[in-house]
Amino acid sequence: MTKKKLKIRYDRIIILVAIIIAIFVGIFGITRDIKLKNTNEYKLEKIGYKKDDVKIILESTKEKELKTILKREYHEAIPKLLKEQYFQFDQLERYLSYIDSKEKIKESVTTEYAVSIVNANADYEFYTNTEKADTKKDLLLLVNKHYALEKDYKPEDLVPCSAIYAYDNNSLREEAYSAFIRLFNAAKKEGYTIVINSSYRDYEWQDNLYQGYKRTNGKKFADEYAAHAGHSEHQTGLAIDVSSFSKPMANFEETEEFTWMSKNAHKYGFILRYPKGEENEAITGYKYESWHYRYVGIDTATEIYEKGITFDEYYDYYLK
């Protein structure tokens, strides 16, 4: 065989090897590309999420939750929502809907606020989508503008309040009353007198109260300061309106007794039910009431106090 023929054969072998290598490289590249496009990282980036967002989503979701995010269009709030302490994935669309509704009217809300609003059902119009209050929750029963008691609901363990601790015609559930007596005595030792102005009210009593506010001041005012019948915490026998001898109930915030209650009420199982601040008022549906306290037990009251949240938020996240 001549050198020329050997060279041609050698060249053909080189070409053939090169072709085979190219084919393998191509197959490997295609396979790698297919695998890459099948990764959740790639899919999330394709939707529009940045690498940092992708990391948050992958670390914060279960398989089913991740599939839900992959099926929907990009939303910049999702990674931020996933990092919120009280975020609940089954409420995702409601959180996003609330955020979007605010943006439409050129208002911005934090994801933390959106979570608080939705968890407390405050994204719904008050007195709509109402449910029966779960009386099985006992001392942790929630009654508000979304949860209502039956017309004939009355606690079985109501006890009358002594004139030492309350004005006339007051009664409370036995455990709440015993707790208030301990609170009263502790405050008294430090020179403060905290007295119950109002406590248990039945359905009819609350209805008359609300209708009176409505006739005198209009529906808007009535809805901000009084509950519809069946929606009042006072019907639970666990709520109290308090005052001191130095100021009327409406000015309780101006008293030393209020300062004492702010620091100590939770130690006896009571929480300030309708705290100050627009965000809190949006959640509870009521204007700030420095005089309205609710018995929930020492452990729960302490947790709510330390977390700085409303009972509505606590209920939905920890109890519902």
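The values are calculated or read from the model by the stated rules, or taken from the named source; none is laboratory data. Everything quoted here is computed from the prediction, not taken from an experiment. Backbone-built Cβ (ideal geometry, glycine too); neighbour counts: all protein chains shown. Each accessible area value is taken on the protein alone, full model and side chains, heavy atoms only, with ligands, DNA and RNA left out. Shrake-Rupley method; radii C 1.70, N 1.55, O 1.52, S 1.80 Å.
Computed quantities for the displayed model
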{"quantity": "Shape category assigned to the range 211-261 from the gyration tensor of Cα positions, a/c cut at 1.5", "calculated": "oblate"}
{"quantity": "Cleavage-rule hits, trypsin sites (Lys or Arg not before Pro), the range 185-287, DSSP coil, Cβ neighbours within 10 Å at most 13", "calculated": "276, 287"}
{"quantity": "Amide H partners (placed H, <5 Å) of residue 166, local residues excluded", "calculated": "196"}
{"quantity": "Gain on full stretching of the segment that runs from residue 204 to residue 109 - 0.36 nm per residue minus C-alpha separation", "calculated": "30.3 nm"}
{"quantity": "Helix-only CD estimate at 222 nm, as mean residue ellipticity for the chain, using -39500 (n - 2.57) per DSSP H run (n ≥ 4)", "calculated": "-15000 deg cm²/dmol"}
{"quantity": "DSSP beta bridges in the chain [antiparallel fraction, %, rounded to 5]", "calculated": "80 percent"}
{"quantity": "Anisotropy class of the chain from Cα gyration tensor, a/c 1.5 cut", "calculated": "prolate"}
{"quantity": "Percentage, to the nearest whole number, of Cα pairs in the range 150-259 over 25 Å apart", "calculated": "27 percent"}
{"quantity": "DSSP H segments from the chain that extend 20 Å or more along their own axis, Cα-based, with Kyte-Doolittle mean of -0.5 or above", "calculated": "3-37, 174-189"}
{"quantity": "Hits among lysines - C-alpha to C-alpha of residue 154 under 21 Å, sequence gap 8 or more where chains match", "calculated": "132, 136, 137, 145"}
{"quantity": "Qualifying aspartates and glutamates (Cα of each under 19 Å from Cα of residue 67; at least 8 residues distant if same chain)", "calculated": "41, 45, 52, 53, 59, 76, 90, 93"}
{"quantity": "Partners for residue 188 among lysines (Cα-Cα distance below 22 Å; same-chain residues under 8 apart left out)", "calculated": "247, 263, 267"}
{"quantity": "Residue 216/residue 50 FRET efficiency (R0 45 Å; Cβ-Cβ; nearest 0.05)", "calculated": "0.20"}
{"quantity": "Distant-in-sequence amide H partners of residue 134 (H built 1.01 Å from N, under 5 Å)", "calculated": "142"}
{"quantity": "Within the accessible area of the chain (1.4 Å probe), percent carbon and sulfur", "calculated": "52 percent"}
{"quantity": "Spatial separation of Cα centroids for the range 88-146 and the range 147-188, in angstrom", "calculated": "30 Å"}
{"quantity": "Amide H within-cut-off set for residue 159, under 5 Å, with H built and near neighbours excluded", "calculated": "172, 173, 174"}
{"quantity": "Accessible surface, per residue, of the range 148-189 when the full set of protein chains is kept, probe 1.4 Å, Å²", "calculated": "61 Å²"}
{"quantity": "Backbone HN-Hα couplings from phi across the range 267-281 [Karplus 6.51/-1.76/1.60, Hz, Gly and Pro as x]", "calculated": "5, 10, x, 10, 10, 6, 6, 10, x, 6, x, 4, 5, 5, 5"}
{"quantity": "Largest-first ordering by accessible area, 1.4 Å probe, given options 246, 171", "calculated": "246, 171"}
